[in-house]
Structure formats: C-alpha cells, structure tokens
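Have a look at the structure below, then the notes.
The values are calculated or read from the model by the stated rules, or taken from the named source; none is laboratory data. None of the values given here were measured: they were computed from a predicted structure. Positions of Cβ are backbone-derived with ideal geometry, glycine not excepted, and every protein chain shown enters the neighbour counts.
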Amino acid sequence: MDIDPETLNTKCIYEWMIGTLLPRPIAWISTVSGEGVSNLAPYSFFQGVCARPPTLMFCPVNHRDGSPKDTLRNIRETGEFVVNLVRFEDALQMNQTSKTLPFGESELDQFKVDSLPSIRVRPVRVATAPVAFECRLDRIVVISEGPAGGNAVFGRILRIHVEDSILGTDGRPDPDRMDLIGRVGGSDYVRTRDRFTLDRPS
Ligand SMILES: Cc1cc2nc3c(=O)[nH]c(=O)nc-3n(C[C@H](O)[C@H](O)[C@H](O)COP(=O)(O)O)c2cc1C
C-alpha cells in the first residue's frame, strides 16, 4: 500500500502519522501568560534536537478555527516554558490537562496538579515529574498558518531538574525508576519497561 498525502484530508494524514510515528515521548509543558496565569498541557510531537547548545523542540498545531493553543500563545508572550516528563502514575492527570480550557484558566488549578517554582524561568514545574527542563524560547518555525497549521517551537535548556530517586547505582537515570510513558496511536500509551540492548558497531 502506498499513500499519497495529497489525496487525504488533514485528519486522515494525522491518524497515519500518530499511528506510525511511535512511541512518542510526552512533553507536559508548563507556561505562564503575560498576565501571570499558569498553563499546563501535553505535547507528543516532541524531541531533543542537540546538546550544543542543549535544545529541544515540540510542535503545537493551531485549533480548527486557526487560533494558537494557549501554550504557544503564552510562549510568544513570555519566551519561556518548562518541559516536564510524564511518569505512569501521572498519566490520568496528564490526560486531564489536555482539555481545552478558555485562555486564562489554569489546568494546574483545575486539575490540582502540584507544582514547584522554577529557577531560571517564570513558569512553574510539575512537582511529581521525575525530570523537568526549564527552557528559554530559541525560535518558532511556522510551518503553516490557519486551521491545524503547524508550528515548531525550539527551546534552549537552561536548567534540568532530576528527582534523586530516579538515579541508578551508576548515578545515571534509571528507566525503570523513571517509569515514563509515551504515546502511540488513538488513545493508547506505552510504558518504557520493555527494553533490549545493542552495542554500537565499532
Ligand atoms: C498525550 C497527548 C499528546 C498531545 N500532543 C499534542 C501535540 O503534539 N500537538 C498538539 O498541538 N496537541 C497535542 N495534544 C493536544 C493538546 O494537549 C490539547 O490541544 C491541549 O488542550 C492544548 O492545551 P493549551 O491550549 O493549554 O496549550 C496532545 C494531547 C495528549 C493527551
């Protein structure tokens, strides 16, 4: 089977993409508006970019009416965000925060997500996240405007919070202790517990 994306509508192409590009890590992103209201939402079109300088990216698409999601709007206003990683125990709460609330209403308040202050940026971080990256906006690449239009947001990592309890005896993050989840197609998720090892060729 071959698919020519030109022949499919956006929803169909989206379903092929989220059903095949997997598993995707989830960035649970906290931001703050220019007026100081905190916002929290999950984004799974998310990846690391490079380590010099330490940079990551995620992709908020526009709403069906073409307006930007609150996360993007806040980052445009303030230039800062925090990427919190999601452990299995936080899955339900993470999912709740994907609800579309009116701009100016905080998912942290509504869904009682515990937070802690950040060090280098104004948005708070999620208290239960095993790892949180404080980021300053590097650039926004607008892929397309209007309904479902795509945006890639690049952030410079300024600070990394790591919960001590996720470190293994070698001092490195232990995947079992982090127990992160990823997103696959539809409403499905995976845990990061099924792993195998391959040595790199010399
Ligand atoms: C696990 C998960 C991953 C998501 N990934 C994305 C994504 O990569 N891009 C996107 O635009 N929306 C994504 N969403 C939907 C947003 O979380 C949702 O539109 C949310 O209301 C946006 O909130 P905001 O307007 O406060 O930024 C995802 C939802 C879930 C549950």
Given the structure, is Asp65 buried (at least 17 other Cβ atoms within 10 Å of the Cβ) and not β-branched (Val, Ile, Thr)? no
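A quick yes/no check of all residues on (1) more than 18 Å from Asp70 (Cα to Cα); (2) among the acidic types (Asp, Glu):
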residue: Val142; (1), (2): no, no
residue: Glu145; (1), (2): no, yes
residue: Asn151; (1), (2): no, no
residue: Ile157; (1), (2): yes, no
residue: Ser165; (1), (2): yes, no
residue: Arg172; (1), (2): yes, no
residue: Asp176; (1), (2): yes, yes
residue: Gly186; (1), (2): yes, no
residue: Arg191; (1), (2): yes, no
Given (1) over 16 Å from Leu158 (Cα atoms); (2) in contact with a Pro (Cβ under 9 Å, 6 or more places away or on another chain); (3) not in a helix (DSSP H, G or I), number of the condition Asn74 does not satisfy: (3)
Whichever residue in the stretch 54-103 is away from the ligand (no atom under 12 Å from the Cβ) and among the small types (Gly, Ala, Ser) and, among such residues, is farthest from Thr192 (Cα to Cα): Gly66
Between residues in the stretch 11-31 that are within 19 Å of Gly149 (Cα to Cα) and residues that are not in a helix (DSSP H, G or I), which pairs lie under 7 Å by C-beta distance while being six or more apart or on different chains? Trp16/Ile3; Ile18/Gly185
Regarding Leu40, is this residue touching an Asp or Glu at 6+ places or on another chain (Cβ under 6 Å), of a type in the set (A, V, I, L, M, F, W, C) and buried (at least 18 other Cβ atoms within 10 Å of the Cβ)? yes
Just to be sure I understand, how many residues within the stretch 104-121 are away from the ligand (no atom under 12 Å from the Cβ) and either within 16 Å of the chain's Cα centre (by Cα) or not in a strand (DSSP E or B) (or both)? 9
What residue, of Arg87, Arg73, is modelled with pLDDT of 95 or more, over 22 Å from Thr128 (Cα atoms) and of a type in the set (Lys, Arg)? Arg73
By my count, strands (runs of 3 or more DSSP E) wholly in the stretch 6-53 with at least 3 residues that are within 14 Å of the ligand (Cβ to nearest atom) are 27-32, 38-43
Being free of Cβ contacts under 8 Å to residues at least 60 places away in the same chain, in a strand (DSSP E or B) and not aliphatic (A, V, I, L, M) is the filter here; which residues of the stretch 122-168 pass it? Glu134, Arg136, Arg139, Arg159, His161
